[in-house]
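Student: Structure incoming, see below.
The values are calculated or read from the model by the stated rules, or taken from the named source; none is laboratory data. Since the model is a prediction, treat every value here as computed from it, not as a measurement. For neighbour counting, all protein chains shown are included, and Cβ atoms are generated from backbone atoms with ideal geometry for every residue, glycine included.
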Amino acid sequence: MIQITFPDGAVRQYEAGVTALDVAKSISEGLARKVLAAEVNGEVWDATRPIEQDAALKLLTWDDKGGQNTFWHSSAHLMAEAIEEQFPGVKFWVGPPVENGFYYDVDLGGRQMHEDDLKAIEKRMNELAKQSNPYIRKPIAKAEAVAYFEEKGDEYKLDLLQNLQDGEITFYTQGGFTDLCRGPHIPHTGFIKAIKLTNIAGAYWKGNEQNKMLTRIYGVTFPAQKQLDEYLQMLEEAKKRDHRKLGKELSIFTFDDDVGQGLPLWLPNGTIIIEELEKLAKETEQDAGYKRVVTPHIAKESMYLTSGHLPYYQDSMYPPMELDGTKYYLKAMNCPHHHKIFAAEPKSYKDLPLRLAEYGTCYRYEQSGELFGLMRVRCLHMNDAHIYCTKEQFAQEFRAVNDMYLKYFKIFGIEKYVMRLSLHEPSKLGQKYIDEPELWIETENMVREVLKETGTPFVEVPDEGAFYGPKIDVQIWSAIGREFTLATNQVDFAQGRRFKLEFTNHNNEAETPLIIHRAPLGTHERFIGFLLEHFAGKFPAWLAPLQVKILPISDKFMDYAKSLLAQLKKWDIRAEIDERNEKIGKKIRDTELMKVPYMLVIGEKEQAEGKVAIRRQGKGDMGTEDAAVFIENLKAEISERSKP
RNA sequence: GCCGCUUUAGCUCAGCUGGUAGAGCAACUGAUUUGUAAUCAGUAGGUCGUUGGUUCGAUUCCGACAAGCGGCUCCA
């Protein structure tokens, strides 16, 4: 007999060789029907794998991430079985579960897969699922496994085998498909009730663009049809929030073939949002002791050689313009220009910290396939600033920047984000990173300490630093689930020296300042793209391109409408009258769709009493109010930048 | 940049196997003067992304290019 310990601490006795599924059955049949896999001593196992010794056991169902991942990974095997039937000789790389489903990377040997194929594969998967074929685990000797895949001529699996040792190699078979796989898997294919293959994509083998491109097939499966329907419904909802769709509907921005890829044109509505954001940034930065500067859009090659950007960054810069034998580059970043401003006049420790801010326009030649609405563009306006400070001032300055981030997040109600501390990779010093091992470690520790002190939750990722120092990125997700860096806060211990930036310290010695690069509002492009999705187009009043729409019941009340408009304009409230000869229902509908925060319905009663009937976007009729009171309230809402 | 897909009126989309295009909304005109999410009628609007080719004839078939979309790689 062996002892099985459950998560709640309960202990039960079972025969050695008992499976998690047996254990589940001993508890209840209903549970047994739901068990997908099991955590045995913290390791995820097949529910059908015999347990020979005392163990801690957690049964995994769809409600556990581990259960879900097992389910999707098993679905990838099921898909592979169907693909192998329809594309004989296909070779498989890996088929892991992902955030929403799974994929399998395959080499079709020069053949192509089309959407029609997906339907056929999906159909076959459904048939195979109904057969409830068990996933059978078989430990195998390395030599035998190698021989098997040599026979098949499958270089991908042979590559995987290279890194595996005897004793840790297993094959899994379900129906007519056998794969090298660590497992675990669900008990049988019958658990898979709803299947949707979502798309075909290319993916470089091992994620390296030097390697061959494999065909990646994405899919998602569920234990019940209803869950798939709900998932597809959710995707539809997400699409409605997509900033590209909303940007068009609300006339925020546009692209034009003649202007160029990735070069957004900001329409009047979008420009209003830009100006409001800049106003916020300028107020905030002024309060925090920043000074504003303005710099040109281009600079000579020599400056980017000094900064060290050119060797690291050249591929992402527009090619140079050559004039009189001198090369000029469009700036891809503002820092070198700002460094030159620091260097323009001698500095003493009394001048520090010096904080130079600019909404700088940068151009980056992003690869065409990378462009994505406003989230990834080639012309961007950065909420940039550089803080030059002493080592002693660093922690406080870095902390102040961090506080500014949090202040902004509060204003916008940004709650779902992850702070990511990006570190250097020691083996890449001198290639991807400035070769200053001690400074890397020292600054990374300084940043980590500040984050810990302020209690800011963060994750650390290796090998993601800027070439000149560690950085903190704020990661956010677009409506359709793509991850982006919204804002960034970087430490720079390299460029100060490269630009020979110096200040005179207390002891009358020349010292190089530390530099903090920061962009809490990221770029207008990405930030507004994000805000569109964040608010689903329903901007708070202070940001809304149009704040108030006056809707007269009929043109008999036009004079009153105009006098209201004049009053609103007096306070710089963005307002318009719907002068169309339409019924009120129509005017309301159109204004609702344009997501204007306030609608003022005015007719006989309102005109007679000097009132307005207020309608809040998305909330309906809010009742009647004196026009003057409404204006006072709205003025406060706008100046306080209240959320809706 | 790479793999796959897509491109028809301002927008959203129809258009079977080749015979030069349709709808709804928007726009414009007229009627209606309207009380909280679509009043009615009429008019106008497209060399079917661009460009080669096949064909008596191409929006439709094939190629190239461009842009967009889904990924990969890369990034604010």
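Student: What single numbered condition from (1) within 15 Å of residue A:516 (Cα to Cα); (2) outside any helix (DSSP H, G or I); (3) basic (Lys, Arg) fails to hold for residue A:399?
Tutor: Condition not satisfied by residue A:399: (2).
Student: For region A:263-290, name all the residues that are of a type outside the set (Ser, Thr, Tyr) and not in a helix (DSSP H, G or I). Can you show your working first?
Tutor: Step one: of region A:263-290, the residues of a type outside the set (Ser, Thr, Tyr) are A:263-270, A:272-283, A:285-289.
Scanning region A:263-290 gives A:263, A:264, A:265, A:266, A:267, A:288, A:289.
Student: Looking only at region A:599-633, filter to residues that are in contact (Cβ under 8 Å) with a residue 40 or more places away in the chain and closer than 24 Å to residue A:414 by Cβ; which one of those is farthest from RNA strand B (Cβ to nearest atom)?
Tutor: Here the answer is A:617.
Student: Limited to region A:580-633, what total is found for residues that are in contact with a strand residue (DSSP E or B) (Cβ under 9 Å, 6 or more places away or on another chain), buried (at least 19 other Cβ atoms within 10 Å of the Cβ) and on the phi > 0 side of the Ramachandran plot?
Tutor: 0
Student: Any chance you could count how many residues in region A:212-251 are assigned to a loop (DSSP other than H, G, I, E, B) and surrounded by fewer than 16 Cβ atoms within 10 Å (Cβ to Cβ)? Give the steps one after another, and end with the answer.
Tutor: Of region A:212-251, the ones assigned to a loop (DSSP other than H, G, I, E, B) are A:212, A:223-224, A:242, A:250-251.
The next check asks that each one be surrounded by fewer than 16 Cβ atoms within 10 Å (Cβ to Cβ); those that pass are A:212, A:224, A:251.
Total meeting the criteria: 3.
Student: Suppose we filter region A:95-115 for residues that are surrounded by fewer than 20 Cβ atoms within 10 Å (Cβ to Cβ) and in a loop (DSSP other than H, G, I, E, B); how many remain?
Tutor: Qualifying residue count for the region: 10.
Student: Taking the options A:95, A:109, A:66, A:30, name whichever one is within 16 Å of RNA strand B (Cβ to nearest atom) and either hydrophobic (A, V, I, L, M, F, W, C) or at pLDDT 90 or above (or both). I'd like the intermediate steps shown before the answer.
Tutor: Values: A:109 fails: either hydrophobic (A, V, I, L, M, F, W, C) or at pLDDT 90 or above (or both); A:66 fails: within 16 Å of RNA strand B (Cβ to nearest atom); A:30 fails: within 16 Å of RNA strand B (Cβ to nearest atom).
Answer to the selection: A:95.
Student: Checking the structure you have, find out if any residue of region A:161-168 is touching an Asp or Glu at 6+ places or on another chain (Cβ under 8 Å) and assigned by TED's automatic domain parsing to the domain that holds residue A:105. Full working, then the answer.
Tutor: Within region A:161-168, the subset touching an Asp or Glu at 6+ places or on another chain (Cβ under 8 Å) is none.
Checked region A:161-168: no residue is touching an Asp or Glu at 6+ places or on another chain (Cβ under 8 Å) and assigned by TED's automatic domain parsing to the domain that holds residue A:105.
Student: I'm trying to understand the selection: among the residues of region A:359-396, which are under 14 Å from residue A:517 (Cβ atoms) and surrounded by fewer than 21 Cβ atoms within 10 Å (Cβ to Cβ)?
Tutor: Taking region A:359-396 and keeping what is under 14 Å from residue A:517 (Cβ atoms), we get A:360, A:362, A:382-389, A:394.
Within region A:359-396, just A:362 meets the criteria.
Student: When you scan region A:323-333, do you find a residue that is within 13 Å of RNA strand B (Cβ to nearest atom), assigned by TED's automatic domain parsing to the domain that holds residue A:477, crowded, with 18+ Cβ neighbours inside 10 Å and assigned to a helix (DSSP H, G or I), even just one?
Tutor: Checking region A:323-333: not a single residue is within 13 Å of RNA strand B (Cβ to nearest atom), assigned by TED's automatic domain parsing to the domain that holds residue A:477, crowded, with 18+ Cβ neighbours inside 10 Å and assigned to a helix (DSSP H, G or I).
Student: Against the condition away from RNA strand B (no atom under 15 Å from the Cβ), over 19 Å from residue A:481 (Cα atoms) and in contact with an Asp or Glu (Cβ under 7 Å, 6 or more places away or on another chain), how does residue A:177 come out, does it pass? Steps first, answer last, please.
Tutor: Values: away from RNA strand B (no atom under 15 Å from the Cβ): yes; over 19 Å from residue A:481 (Cα atoms): yes; in contact with an Asp or Glu (Cβ under 7 Å, 6 or more places away or on another chain): yes.
Here the answer is yes, as residue A:177 does meet what is asked.
Student: Now a separate question. Does residue A:531 satisfy the condition of being within 16 Å of residue A:278 (Cα to Cα), in a loop (DSSP other than H, G, I, E, B) and within 15 Å of RNA strand B (Cβ to nearest atom)? Quick ask: steps written out before the conclusion?
Tutor: Values: within 16 Å of residue A:278 (Cα to Cα): yes; in a loop (DSSP other than H, G, I, E, B): no; within 15 Å of RNA strand B (Cβ to nearest atom): yes.
No, not satisfied.
Student: Hey, could you check region A:572-598 for residues that are among the hydrophobic types (A, V, I, L, M, F, W, C) and closer than 25 Å to residue A:275 by Cβ and say which is farthest from RNA strand B (Cβ to nearest atom)?
Tutor: Here is the first cut: in region A:572-598, the ones among the hydrophobic types (A, V, I, L, M, F, W, C) are A:573, A:575, A:577, A:584, A:588, A:593-594, A:596.
Next, only the ones that are closer than 25 Å to residue A:275 by Cβ stay: A:573, A:575, A:577, A:593-594, A:596.
Numbers: A:573: 19, A:575: 17, A:577: 13, A:593: 5, A:594: 10, A:596: 11 Å.
Applying the filter and picking the extreme gives A:573.
Student: Among the candidates A:394, A:409, which residue alone is out of contact with any Lys or Arg (no Cβ under 8 Å at 6 or more places or on another chain), part of a helix (DSSP H, G or I) and within 24 Å of residue A:480 (Cβ to Cβ)? First the steps, then the outcome.
Tutor: Working: A:394 fails: within 24 Å of residue A:480 (Cβ to Cβ).
One residue alone meets the criteria, A:409.
Student: For residue A:78, state whether it is farther than 20 Å from residue A:197 by Cα, under 34 Å from the mean Cα position of the chain (by Cα) and buried (at least 22 other Cβ atoms within 10 Å of the Cβ). Show your work before the answer.
Tutor: Working: farther than 20 Å from residue A:197 by Cα: no; under 34 Å from the mean Cα position of the chain (by Cα): yes; buried (at least 22 other Cβ atoms within 10 Å of the Cβ): yes.
No: the conditions fail for residue A:78.
Student: Provide a single number: the residues in region A:362-390 that are farther than 11 Å from residue A:331 by Cα and part of a loop (DSSP other than H, G, I, E, B).
Tutor: We begin by selecting, within region A:362-390, every residue farther than 11 Å from residue A:331 by Cα; these are A:366-378, A:381-390.
Now narrow it down to the ones that are part of a loop (DSSP other than H, G, I, E, B): A:366-367, A:371, A:373-375, A:377-378, A:390.
Counting residues in region A:362-390 that are farther than 11 Å from residue A:331 by Cα and part of a loop (DSSP other than H, G, I, E, B) gives 9.
Student: Next question. Here is a list of conditions, (1) under 30 Å from residue A:100 (Cα atoms); (2) surrounded by 22 or more Cβ atoms within 10 Å (Cβ to Cβ), and residue A:538 meets all of them except one; can you say which number that is?
Tutor: Answer for residue A:538: the failing condition is (2).
Student: So, one more: Confirm whether residue A:260 is within 16 Å of RNA strand B (Cβ to nearest atom), part of a strand (DSSP E or B) and of a type in the set (Gly, Ala, Ser). Before you say what the answer is, go through the steps one by one.
Tutor: Values: within 16 Å of RNA strand B (Cβ to nearest atom): yes; part of a strand (DSSP E or B): no; of a type in the set (Gly, Ala, Ser): yes.
No: the conditions fail for residue A:260.
Student: I need the full set of residues from region A:412-424 which are closer than 19 Å to residue A:441 by Cα and outside any strand (DSSP E or B), in order please.
Tutor: A:423, A:424
Student: Residue by residue through region A:252-282, note down the ones that are buried (at least 18 other Cβ atoms within 10 Å of the Cβ), touching a strand residue (DSSP E or B) at 6+ places or on another chain (Cβ under 7 Å) and more than 15 Å from residue A:378 (Cα to Cα).
Tutor: Within region A:252-282, A:270, A:274, A:281 qualify.
Student: Within region A:423-434, does at least one residue satisfy the condition of being in contact with a helix residue (DSSP H, G or I) (Cβ under 6 Å, 6 or more places away or on another chain) and surrounded by 16 or more Cβ atoms within 10 Å (Cβ to Cβ)?
Tutor: So far as region A:423-434 goes, yes, one or more of its residues are in contact with a helix residue (DSSP H, G or I) (Cβ under 6 Å, 6 or more places away or on another chain) and surrounded by 16 or more Cβ atoms within 10 Å (Cβ to Cβ).
Student: Further question: Quick one: count up the residues across region A:444-487 that are more than 8 Å from RNA strand B (Cβ to nearest atom) and farther than 30 Å from residue A:232 by Cβ.
Tutor: 26
Student: A further question on this structure: Of the residues in region A:500-528, how many are outside any strand (DSSP E or B), away from RNA strand B (no atom under 16 Å from the Cβ) and on the phi < 0 side of the Ramachandran plot? Reasoning before the result, please.
Tutor: Of the residues in region A:500-528, the ones outside any strand (DSSP E or B) are A:500-502, A:505-509, A:512-513, A:520-522, A:524-528.
Now drop any that are not away from RNA strand B (no atom under 16 Å from the Cβ), which leaves A:500-502, A:505-509, A:512-513.
With on the phi < 0 side of the Ramachandran plot added as a condition, the list becomes A:501-502, A:505-507, A:509, A:512-513.
Qualifying residue count for the region: 8.
Student: Restricting the search to region A:359-377, which residues are in contact with a Pro (Cβ under 9 Å, 6 or more places away or on another chain) and not hydroxyl-bearing (Ser, Thr, Tyr)? I'd like the intermediate steps shown before the answer.
Tutor: Filtering region A:359-377 for residues in contact with a Pro (Cβ under 9 Å, 6 or more places away or on another chain) gives A:365, A:373-374, A:377.
Within region A:359-377, A:373, A:374, A:377 meet the criteria.
Student: Does region A:156-189 hold any residues that are in a helix (DSSP H, G or I), in contact with a Lys or Arg (Cβ under 7 Å, 6 or more places away or on another chain) and not aliphatic (A, V, I, L, M), and which are they?
Tutor: Initially, region A:156-189 is screened for residues in a helix (DSSP H, G or I), giving A:156-162, A:189.
Still in the list and also in contact with a Lys or Arg (Cβ under 7 Å, 6 or more places away or on another chain): A:156, A:161.
Answer for region A:156-189, where residues must be in a helix (DSSP H, G or I), in contact with a Lys or Arg (Cβ under 7 Å, 6 or more places away or on another chain) and not aliphatic (A, V, I, L, M): just A:156.
Student: Hey, another quick one. Kindly indicate whether any position in region A:134-155 is outside any loop (DSSP other than H, G, I, E, B), in contact (Cβ under 8 Å) with a residue 40 or more places away in the chain, in contact with a helix residue (DSSP H, G or I) (Cβ under 9 Å, 6 or more places away or on another chain) and within 28 Å of residue A:224 (Cα to Cα).
Tutor: Yes - at least one qualifying residue is present in region A:134-155.
Student: Also, quick follow-up: Of all residues in region A:359-412 being away from RNA strand B (no atom under 16 Å from the Cβ) and of a type in the set (D, E, K, R), which is nearest to residue A:291 (Cα to Cα)?
Tutor: A:397
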